[in-house]
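Written below as structure tokens is the structure these notes are about.
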Amino acid sequence: MNQDVSSAKPPGQGQGMLAIFCDLEEKWHEEFRAWLAEDMFPARLAAGFCGCASYSAVSGVEKETQANVPEFLTLYETPTLAGLYGEAYQSLRRDRDIRDTVMHEQMMGMERYTLSATGPDTPGDAGGFAPVVFVDRFDLWPEYVQDFNHWFVTEYLTWCAKLPGLVRVRRYLAMEGAPRHFILNEFEDSGFFDDAVWRALRNAKEWGPAGMTYGAPGLYERAVKAP
């Protein structure tokens, strides 16, 4: 049965997400943003995606957090994970035009994730992706998963809800891409970053068994979005 795109969930409520991290030479930065806004985002919205946004790594914050973070992060939300494997989207990947091909060739160190929402999340029904995101990418040893999940549900989400400017926290597992665990912390601005509650959460012992990948966690600011 074909999926009825008109019945798709609105932005902010999709169950699937595509995340792409990369670096680019400075001479390609302006063209990269234009390509996303003019070509990539409209085509993917037409294919049934809920929303799209691209971010730049935030500079001027503590070096130990941002030193190795990929410079660009682009996020796409889909009604379900299946939308990332259906023909509507796969045909866009298969039949690239010249501009698409050239821009993909410029991406350095690209990391690509297809993600399925797992929850639990903080309540929130705002559409699209928030202006600022803090992204965790990590793996957990099996013996630590239950304890981490308990802490995440009973303490992390509860205290995050008290942070200034919080939009929501969303948690995903990767179908493609590594590491497997992916948390998207979304905020209205970067004011939360120096909040005492946030600092305490980030220094909690429960992060000890969470093996962050190179370049994570990372703080990003939105540069372009659709719709």
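The values are calculated or read from the model by the stated rules, or taken from the named source; none is laboratory data. Just so we're clear, the structure is a prediction, and the values are computed from it rather than from any experiment. Glycine gets a Cβ as well: all are built from the backbone with ideal geometry, and neighbour counts include every protein chain shown. Keep in mind that these areas ignore ligands, DNA and RNA; they rest on the heavy atoms of the full protein, side chains included. Shrake-Rupley method; radii C 1.70, N 1.55, O 1.52, S 1.80 Å.
I'm trying to understand the selection: among the residues of the range 117-143, which are over 17 Å from the mean Cα position of the chain (by Cα) and either surrounded by 12 or more Cβ atoms within 10 Å (Cβ to Cβ) or among the aliphatic types (A, V, I, L, M) (or both)? Residue satisfying the conditions is L140 alone. Scanning the range 183-227 for residues that are open to solvent by less than 20 Å² (accessible area, probe 1.4 Å) and acidic (D, E) yields a total of 1. Does G119 fit the bill of being modelled with pLDDT under 95 and on the phi > 0 side of the Ramachandran plot? It is true that G119 is modelled with pLDDT under 95 and on the phi > 0 side of the Ramachandran plot.
Selection of the range 72-104 for residues being surrounded by 13 or more Cβ atoms within 10 Å (Cβ to Cβ), more than 22 Å from K225 (Cα to Cα) and over 20 Å from the mean Cα position of the chain (by Cα) yields only G86.
Residues of the range 15-47 that are aromatic (F, W, Y) and open to solvent by 50 Å² or more (accessible area, probe 1.4 Å): W28 alone. If the condition is being open to solvent by less than 40 Å² (accessible area, probe 1.4 Å) and out of contact with any Phe, Trp or Tyr (no Cβ under 7 Å at 6 or more places or on another chain), then the range 144-173 contributes F148, W151, F152, Y156, L157, C160, R168, V169, R170, R171.
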